[in-house]
Amino acid sequence: MTFNYIMPIDAKDVSLEMVGGKGKSLARMASAGMPVPEGFYLTTAAYKDFVEKNDLQKTIINLAKPEIIGRTLSFESAAKRIQELIKEAEMLNEIENQVRQAYGLLDGQDPPVAVRSSANAEDLPDLSFAGQQDTYLNVRGDEALIKAIRDCWASLWTPRAISYRHQMGIEQDVVAMAVVVQIMVPSDVSGILFTANPVNGERSEFIINSSFGLGEAVVGGQVTPDTYVVDRKTKNVKERIIGPKAQKIVYRGNQGTELQDVSEKERNKSSLSEELLKELSSTALEVENLFNGVPQDIEWAISDEKLWMLQSRPITNLPPQPIEVIWEPTPPARILARRQIVENIPDPCSPLFDELYLTEGLESPAKGQKRKSFFVGAGPMFVTVNGYAYQRFDFPQVVDIQNEIDKAETEEEKEKVISRIWQQWDDLYAKMRDKSDSAMEQHDLELFLSELSSEDLKAFNEWAKETDFKDLAHDVTMPNSRNPTYTAFNKTQTNENQIKGWKEKAMPDLLATVEEWQKFDYKTALDEELLRGIIELATAGGRYWSSNASHTFGVAKSTDDQLQAFLRETLPDHNFISGHFLSGFKSKTLEANEDMYKIAKLIQADNELFELMVTTPPKQMMNALQNHPNSGPVVKAIEEYLEIYGHLGYSLDFVEPLPIEDPSGLLISLKTMITAKDYNPNKHQIDAAGKREQAMQKIEPLLDGLQYWQFRYRHWFTHRFYFIREEVMFYLTSGWPTLRLLARELGMRLVDIGSINIPDDVFYLDTEELTRAINARKENSAIKEYKQLTAERRELREARKRLHPPGTIPEIASNNPGVAFKETQVKNDPNSDILKGIPVSPGTVTSPASLIKSPAEFEKMQPDSILVCPMTNPAWTPLFAHATGLVTDMGGILGHGSIVAREYGIPAVVGTGTSTQRTKHGQTIKVDGDAGTVELILDE
């Protein structure tokens, strides 16, 4: 009989399209002589002919679309109907006959077989289809085998499988199913082996999970198996954890399997001997070598001391190889903190950004100026350690303090030094605060009074008549405090002059440079001109920040800090924070969200567009919109939105794509808006404003006399300058769209000549290296070693992303008074379930956590959950529509997340340092935005 649907298990020259991912890897192992159970493949041709002859394809594709239930997607109904079609359709005689014939050729009478699905889209790089299609064990006899094959075909259309393909952008009309049929291995022990540690990426370790019985108990998570960590080179066990192995899967008579309890005595035994562990590890290494050294996820079984390989696939989402690092600055830098502009650079810096922005750009205002360095040892203000950006705190006073702390030999002595220095600083700040500038303070008081209502002004004047203060203006405008925050930006004229410099000099200078290069014809430009544009735009961005914008930003931050300090010192028992009184005001960020909401309403008004947005994967959404006949106004509105806000990226580092290039993040946010029940940003603002009024009503009876008017003044003063934070930050990356255009053009040219692999590799070279590549291109040659160099640097950056940079370097510097009051990451006890942070938006909430570590995970955001993330910037704002609270690793009182949380009226605690490490997605946590704590609740 001719087998046009059947291939032997050790077939050579098989393809993914013929036998699917599982089948292809099995064929490779079997043909190489690996211990693979006997069997055969029913190829995808059988599935395709079955579908074609029963005229099912068109119906299946029409059905394989999500159904909108409420405002969420469901594939349940589609899956049920498709599976019914497949199970009811007539099996082709030719397929059935060939299966019977192939089965009859296996050893034994009606031998028990495993029937496994093998789709042509599974086990591809970066995709994981594990567990999405079905496997049938201990199948005996022709009829049972034919039924199992039909069930495998039907499992191509489970809700989970359809949903995953939809989410990953895999067209439903290209998928097909092969079936693997193999003699069952009556396993005594079975499990999984990873040829690299799937948790931390360590390539020197094998991880083995094993248990008694058939392997599905381990694969399906039905038992807690034994775990062995094995050294790749020596094959010796580095760590051994004996799991309870309470149950095992065994044969159930002549058909199927069942779960059986394991005896107490057997549970405590190691499921694998030293000899079997070494044999298993050695065989696994052979398998990995067979697949060109790609780390493998291997299913195996042992029966009567014989080892069998059942399946092998690449480990999906394997982390980069971990790296060992030391958190030490490069001299002359000594004391560092993750603060200021660094708060906008959550990831390791790309080499080009490190050079052009962090070093050259931020230092550019000081270039050519003859002035004494701020720092002991001179050098730049910003540096990187293991790729992460830090601000230096090597000011003479801070270094002197650190020297004293370092000299202390015991913890008790260190505490005494720190306590004494705090007292000295308190005295110093008190003297600075008490320096009265009568004219400016009188000006500020009069300005404040001029903006009071007539009723409030009358109340103030009546109170003032009753007082006998020698300097009323000073006492009202400058609270009696030793907090250092009152020493800067404490006068309206000072602050307004700072803002004026930003409006009239810093911002126009930056925009002029951006506009100049926007007009530039980069397509016809010389390579050198492209590089010059990249340098000038990056430098202009850095100059904008360090010449003025950082200080203008500091106006808003300092005034907010001053209100916070006043509340904490005046009413220490009431947990008031500045966020109580700054909620519900307009801001640049809220304007962007309102503009996005206008687009959402356009979509909601058209049922077809609504359905398209809800049912289309983000990466395909823009293209789908552009091709829809009704979408003209929506597409135009999105383009206009991106023209205004598309430069607001997810990181300050220009290595990251911007929304104007890849709007999928924006489209996810739009989808979130249109599917959110009763979402309206204006309602959030109204609710937040209502909470602000409630806080005002609560605090006013607690204050009288001078303290009451000090609060009223401080609130007025803070609100007066609150707006400037978002204005300053809005322009921070305004040059990046043009810079990335120039870089991409240069990158494509260097790809064409053979110097780099992809255009974005330009960000992994410095300007000297780029100049060398440009000069080589003039000679029609390439710097070929740059391909490996950029690949290594890219891989290093990815590995560094898994590091957790300390808030200060050295960590003991967090106790230094010169650093502590500026820190944006609180040091927490790793063993405590209570994380401390900075309280920035009031209220208390207990909800599940949505752990979102990057924009790539935006779709994980769940309604009515607490957003837990490294930090936020304007690109994250739409997630707040679903959030009941906010927790971040890094941040301060005037960070983006703080402002938006206040606008939305949700509790927020920032700067916890380790929240993204300590919290699991979906875990219940409690956020107290008044006390500044996050409680990690162990879910039962």
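Annotation: amide H-H contacts under 5 Å for residue 865 (H modelled 1.01 Å from N, sequence separation of 5 or more, or interchain): 884. Fewest neighbouring Cβ atoms within 10 Å first, the residues 937, 86 line up as 937, 86.
In which sequence would 177, 168 go, from the one with the fewest C-beta neighbours within 10 Å to the one with the most?
Working: 177 28, 168 15.
Neighbour counts put them in this order, fewest first: 168, 177.
Remark: 259, 867, 272 ranked as 259, 272, 867, counting other beta-carbon atoms within 10 Å and listing the fewest first.
Counting pairs of alpha carbon atoms under 8 Å apart in space and at least six apart in sequence, what relative contact order in percent does the stretch 1-184 give? All intermediate terms of the calculation are to be shown ahead of the outcome.
Values: 315 pairs, mean separation 58.4, N = 184.
Computed over the stretch 1-184, the figure is 32 percent.
Could you give the length gained on full extension between residue 61 and residue 84, defined as 0.36 nm per residue of separation minus the Cα-Cα distance, in nm?
Values: separation 23, 0.36 × 23 = 8.28 nm, distance 1.43 nm.
The span from residue 61 to residue 84 would gain 6.8 nm if fully extended.
About its Cα centre, what dipole magnitude does the chain give when the only charges are +1 on Lys and Arg Cβ and -1 on Asp and Glu Cβ, stated in debye to the nearest 20? Intermediate results must be reported in sequence, preceding the final value.
Values: 102 positive and 137 negative charges, 117 e Å.
I would put it at about 560 debye.
Taking Cα centroids, how far is the stretch 27-62 from the stretch 212-231 in Å? Cα centroid to Cα centroid, the span is 28 Å.
To two decimal places, what compactness ratio does the chain give when its Cα radius of gyration is scaled by 2.2 N^0.38 Å? Please report the intermediate quantities before stating the final value.
Details: Rg = 32.6 Å, N = 940, 2.2 N^0.38 = 29.7 Å.
Compactness ratio reported: 1.10.
Bridging of residue 306 to lysines at a Cα separation below 27 Å is possible for 12, 22, 24, 233, 235, 238, 245, 248, 265, 269, 278, once same-chain residues fewer than 8 apart are set aside.
Relative protection proxy for 325-334, 406-415, from highest mean packing down: 325-334, 406-415 (other beta-carbon atoms within 10 angstrom).
Couplings for the stretch 171-180, taken from phi via the Karplus curve 6.51 cos²θ - 1.76 cosθ + 1.60 with θ = phi - 60°, read 5, 6, 7, 9, 7, 8, 10, 9, 10, 9 Hz in order; Gly and Pro are left as x. Please work out the C-alpha center-to-center distance from the stretch 381-428 to the stretch 259-314 and express it in whole Å. Centre-to-centre (Cα) distance: 54 Å.
Distance between the pseudo-spin-label points of residue 282 and residue 264 (7 Å out from Cα toward the beta carbon): 3.9 nm.
For a straight C-alpha distance cut-off of 18 angstrom, the lysines reachable from residue 836 (same-chain residues fewer than eight places away being disregarded) are 822, 827, 920, 926.
Between residue 706 and residue 680, the simple label model (points 7 Å from Cα in the Cβ direction) yields a spacing of 4.7 nm. Take the residue pairs 367/503; 801/853; 588/683 and return only those whose Cα atoms are more than 20 Å apart. Listed pairs above 20 Å: 367/503. Between the amide H of residue 388 and those of 349, distances stay under 5 Å, these residues lying 5 or more places away or on another chain, with hydrogens modeled in the peptide plane.
Taking the C-alpha atoms only, the angle from helix 76-88 to the longest principal axis of the chain is near 10 degrees.
Summing -39500 (n - 2.57) over the DSSP H runs of n ≥ 4 in the chain and dividing by its residue number, what mean residue ellipticity at 222 nm do you reach, to the nearest 500 deg cm²/dmol?
Values: 33 runs with 404 residues, N = 940.
Rounded to the nearest 500, it is -13500 deg cm²/dmol.
Shown is the FRET efficiency for residue 461 and residue 693, computed with R0 = 22 Å from the Cβ-Cβ distance and rounded to the nearest 0.05: 0.35. For residue 636, the aspartates and glutamates whose Cα comes closer than 20 Å to its Cα, not counting residues fewer than 8 places off in the same chain, are 591, 594, 595, 606, 608, 611, 661, 662. Structural descriptor for the stretch 841-925: relative contact order 37 percent, calculated from alpha carbon pairs under 8 angstrom and at least 6 residues apart.
Once the Cα atoms are used to define both axes, helix 705-722 deviates from the longest principal axis of the chain by about 60 degrees. Rounded to whole Å, give me the distance from the Cα center of the stretch 697-748 to that of the stretch 880-940. Centre-to-centre distance over Cα atoms comes out at 20 Å. Computed from Cα atoms, the angle from the helix 632-645 axis to the main principal axis of the chain rounds to 50 degrees.
Taking each residue as 0.36 nm, the span from residue 160 to residue 97 lengthens on full extension beyond its C-alpha to C-alpha distance by 19.5 nm. Measuring max minus min along each principal axis, the C-alpha atoms of the stretch 1-184 give extents of 54, 36, 26 Å (largest first).
Sparse packing (at most 13 other Cβ atoms within 10 Å of the Cβ) combined with a DSSP loop state is found for the following trypsin sites (Lys or Arg not before Pro) in the stretch 729-792: 784. 3J(HN,Hα) couplings calculated from phi for the stretch 845-855 with the Karplus curve 6.51 cos²θ - 1.76 cosθ + 1.60 (θ = phi - 60°) are, in sequence order, 8, 10, 7, x, 8, 9, 8, 10, 8, 7, x Hz; Gly and Pro show x.
Straightening the chain between residue 240 and residue 443 buys 65.8 nm, computed as 0.36 nm per residue apart minus the Cα-Cα spacing. Using C-alpha pairs under 8 Å with a sequence gap of at least 6, the mean separation divided by the residue count of the chain gives a relative contact order of 11 percent.
Each reported figure results from applying straightforward, stated rules to the coordinates on display, with no laboratory input. As the structure is a computational prediction, the values presented were derived from the model and not from experiment. FYI the Cβ positions are ideal-geometry reconstructions off the backbone, even for glycines, and counts take in every protein chain you see.
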